[in-house]
2 protein chains.
Amino acid sequence: MNSPTAQLAAFAAGLRFDAIPGPVIRKTEDLLVDWFGSALAGKGSRAVETIARFAASVGPADGPSEVLISRSRTSAYFAAMVNAAASHVAEQDDVHNGSVFHPATVVFSPALAVAQALGASGQQLLTAAVAGYEVGIRVGEFLGRSHYKVFHTTGTAGTLAAAAAVGNLLGLDAPQMQHALGSAGTQSAGLWEFLRTAADSKQLHTAHAASAGLMAAYLAKDGFTGAAQILEGPQGMAAGMSSDADPARLTQGLGTRWATTETSFKYHASCRHTHPAADALLQVMQAHDLQPGDLARVVTHVHQGAIDVLGSVTNPATVHQSKFSMGTVLALIACFGHAGLAEFDQHFDDAATRDLRERVSMAFDAEVDGAYPQRWIGKVTVTTTDGRVLQGRVDEPKGDPGNTLSRDEITAKALRLAAYSGAATPAAMQAALDDLWAVARSVRVGLLLKNAT
Amino acid sequence: MNSPTAQLAAFAAGLRFDAIPGPVIRKTEDLLVDWFGSALAGKGSRAVETIARFAASVGPADGPSEVLISRSRTSAYFAAMVNAAASHVAEQDDVHNGSVFHPATVVFSPALAVAQALGASGQQLLTAAVAGYEVGIRVGEFLGRSHYKVFHTTGTAGTLAAAAAVGNLLGLDAPQMQHALGSAGTQSAGLWEFLRTAADSKQLHTAHAASAGLMAAYLAKDGFTGAAQILEGPQGMAAGMSSDADPARLTQGLGTRWATTETSFKYHASCRHTHPAADALLQVMQAHDLQPGDLARVVTHVHQGAIDVLGSVTNPATVHQSKFSMGTVLALIACFGHAGLAEFDQHFDDAATRDLRERVSMAFDAEVDGAYPQRWIGKVTVTTTDGRVLQGRVDEPKGDPGNTLSRDEITAKALRLAAYSGAATPAAMQAALDDLWAVARSVRVGLLLKNAT
């Protein structure tokens, strides 16, 4: 039996450090450090702290794995759950464009927790992460655009990504990994409906994906079986949750195309669907030396996915919801030159922001939509108060592979995120970052944050 | 806002013991005792024990709630998870025909665990169970037949049923209950694909529904928000997982129609889709005094749902898979007069069973399909070896509300199930059953199985 699911499982089970090209490993290190900052940024978020309290109330009070926002220790299951909840809330974690999937939160959270529980090496952690990225991205691509219209791919594909990463760490063989994917896929969930009322579900989706995926892998290690073709089978994920699934995407270039390296870092602290337009607006404002008061109207030319996800957010009531408001994001860009965590927290509901927000609209654009999701083109048409009509365009938003962040920028971003939430002092961060940048030489992945604050 | 989801949530939050008619309470007591037997029947099942080992490895080693198969104690979360895994594996737990949903496993497992954790009364436990049944059944009816073609409704609707039961016990107000349903629905999962290879997922589905639903309710109690219209919203469950959802079903007769009382007990130890035909075969064999050797051919006239679920099981490889084989079930009925746990274990793969199995086929029947799922009509056409063509028919299979089990039959069934698995001695069972039949007078739900075995 050599079904697409079987091939994908065999790849994830068999992946070893030595088979991964150096540039892929270095990118994975970048992604790990970037994830660490996002995980710390979740400290103090009501939604995240609520999940953390639940985990503390029903989970063990000690264990081998680290809850980063509290520096408490518990079992790998709950550390994965809470760290995954924490690392997606600031909307600063990474994204893979083609799959519209945020891999880090659902891959590194369980992988770190299990690596700590097993005493795995840094190379094993990185290898497991690559297995998780390669599987999750391909599952997201496979499920396609119809899936993403209703389902939060990071929650759904993320459950399989978590299982693949943990399964690789546990040393599952290929049949066991196929069972793990089966058990993960049959728990796969996450609906966009929460966006309509700015509810907390996004944090639950990543918490659920990480913990359910971890459970699927542990169960498989202990002989529990899952569907053989959970992805492409006639009563599997695609049958239930997609109308344009393409099984060829599951196995395309396994071992030669490293999808991990296609992952983008997030520069703005908002939904990725706003980034291309944000960069395009910045480009046109800089090119023509425009001030916020010069903007009479901004039309963003977008792909259908942006309208699906952002379209219902017209009057954002919370900081988190405002990160899904195209108008708010572009207003902050216009006023401050970037839209970071501090700008959202302090200015998302300013009168000036609200005024600019109302001048921004989205319009479907066939070119942008046709290029999506492989390329996220940003196009805006600005009408100025003095009647000029100006075009802005970027072909690759900041943070994408061709316009990426340097290691210094990644380090600085992580330090900013930790400082923002107060999760760690600069000294504690520096120690942790030193460890993380050297993780490939670590014989045993330890705690990232020692007792010092 | 008075959406269907809001109305359903308000009902589940506001339900109190005094508002529930006496016959509904008595039926709920019947269902509780029936569930208890099924939960014990799971002891020793490889799939169940694997989930129990995982729970023990990542959960706390002590707590207020009881894992019935091991008599260990842990947090409510893991007790709910393991008891739910255990109570669906013998295929003897209850079913609601109209929703094709097995309520007990996903309602009583979390409700008992939380009642024990809170020190709730027996009346509170029964009230919570009714809230869970009423919600879960309506969600299953709402999601409709298109949903059930791919999704295991007990896993999906079950997550909301568990949240409703636990939310009622926690005293959630109506808005909190709506958030709980939102958080439950966005974790709702379970695909039929596992049937194709007889994998263990069915036990994972109920474990997942019980634990994820419990988590959703606890989160809501602590202020965590969920989608307001997770069921009928444009990116909610129906949008993603159904093509024939009817929101009117969510609120039909709330407080006047007690769907709990429509629940059927399972008499045969097999998938419910086989029961009408099994009873019809028994009827024609008794009417014409037929022996197994007289059967040349048996055509079962069935609804499409039976073909969807059972159609792929032509050559069952395991005891569990054989419970989804129409041919195996009818063969056991023909040979032994009933198809209980012992018949499956000892005879599912006998030469005589296999021979008879091959003589059984399914044919779509418009009358049966039209009545389904409100009525599960059994119709068979038997061709005898001497050339007679005989018809068998039952309009209400054994265990349905109009053909129900007495309390003596329910007690006897629970004793059989416990004896089958060895989970409790007759003496321990008698003590537990005495407590359970008197649960409405219990001021505090305690452990069901004391230290004695």
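Numbers below:
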| item | result |
| --- | --- |
| Helix-only mean residue ellipticity at 222 nm for chain B, each DSSP H run of n ≥ 4 adding -39500 (n - 2.57), per residue, nearest 500 | -16500 deg cm²/dmol |
| Cβ-based charge dipole, the range A:4-264, positive-most Cα from A:PHE194, A:ALA174, A:GLY213 | A:PHE194 |
| Projected-area average for chain B over all orientations - Cα convex hull basis, square nanometres | 19.5 nm² |
| Distance between modelled label sites at B:GLU409 and A:ALA61, nm, 7 Å Cα→Cβ extension | 5.0 nm |
| Computed magnitude of the charge dipole of the range B:272-396 (debye, nearest 20; Cβ of K, R +1, Cβ of D, E -1) | 140 debye |
| Residue-averaged beta-carbon neighbours from other chains (10 angstrom radius) around B:147-156 | 3 |
| Cα gyration tensor shape of the range A:184-244, rounded if a/c is under 1.5, else prolate or oblate by comparing a/b with b/c | oblate |
| Rounded to 10°, Cα long-axis angle of helix B:426-437 versus longest principal axis of chain B | 60 degrees |
| Surface accessible to a 1.4 Å probe, per residue, for the residues of the range B:272-396, Å² | 39 Å² |
| Local electrostatic count, B:ASP400, Cβ distance below 14 Å [Lys/Arg +1, Asp/Glu -1] | -3 |
| For B:ALA342, label point 7 Å along C-beta direction: distances to other copies, nm | 7.7 |
| Point-to-point label distance, B:GLN304-B:ASN2, nm (Cα→Cβ direction, 7 Å offset) | 3.5 nm |
| Reachable lysines from A:LYS450, criterion Cα separation under 23 angstrom, eight or more residues apart if same chain | A:LYS43, A:LYS413 |
| A:ALA248 versus A:ALA371: modelled label distance in nm, points set 7 Å from Cα along the beta carbon direction | 2.4 nm |
| Rg followed by Dmax, in Å, when the range A:272-398 is reduced to its Cα trace | 13.2, 37 |
| Cβ-vector label at 7 Å, B:GLY44, separations to other copies in nm | 5.7 |
| Nearest-0.05 FRET efficiency for A:SER146 and B:ASP289, computed from C-beta distance (R0 51 Å) | 0.35 |
| Inter-centroid distance (Cα atoms) of the range B:381-453 relative to the range B:282-347, Å | 20 Å |
| Helix axis angle, B:407-421 relative to chain B longest principal axis, alpha carbon, degrees | 90 degrees |
| Teacher prompt: B:GLU409 distances to equivalent labels in other copies, 7 Å Cα→Cβ, nm | 7.2 |
| Three-way shape label, the range A:4-264, alpha-carbon gyration tensor, a/c 1.5 | rounded |
| Most positive-pole-ward Cα, A:ALA120, A:SER361, A:GLY63, against dipole of the protein assembly as shown from beta carbon charges | A:GLY63 |
| Helix A:22-41 vs. chain A, principal-axis angle (Cα, 0 to 90°, nearest 10) | 70 degrees |
| Prolate/oblate/rounded call for the protein assembly as shown, Cα gyration tensor, a/c under 1.5 rounded | prolate |
| Accessible surface of the protein assembly as shown, 1.4 Å probe, proportion on carbon and sulfur as whole % | 52 percent |
| Gain in span if fully extended, A:ALA352 to A:ALA431, counting 0.36 nm per residue against the direct Cα distance | 24.4 nm |
| Which of A:GLN346, A:SER312, A:GLY293, positive extreme of dipole for the range A:272-398 (C-beta unit charges) | A:SER312 |
| Relative contact order for chain B, counting Cα pairs under 8 Å that sit 6 or more residues apart, in percent | 20 percent |
| Exposure of A:THR225 as accessible area (Å², to 10), given a probe of 1.4 Å and all protein chains | 30 Å² |
| Minimum 20 Å² accessible area buried by the other protein chains, the range A:233-248 residues, probe 1.4 Å, relative to alone | A:PRO234, A:GLN235, A:GLY240, A:MET241 |
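The values are calculated or read from the model by the stated rules, or taken from the named source; none is laboratory data. Given the structure is predicted, the values throughout are model-derived calculations rather than measurements. FYI the Cβ positions are ideal-geometry reconstructions off the backbone, even for glycines, and counts take in every protein chain you see. With ligands, DNA and RNA removed, areas are computed over all heavy atoms of the protein, side chains included. Shrake-Rupley method; radii C 1.70, N 1.55, O 1.52, S 1.80 Å.
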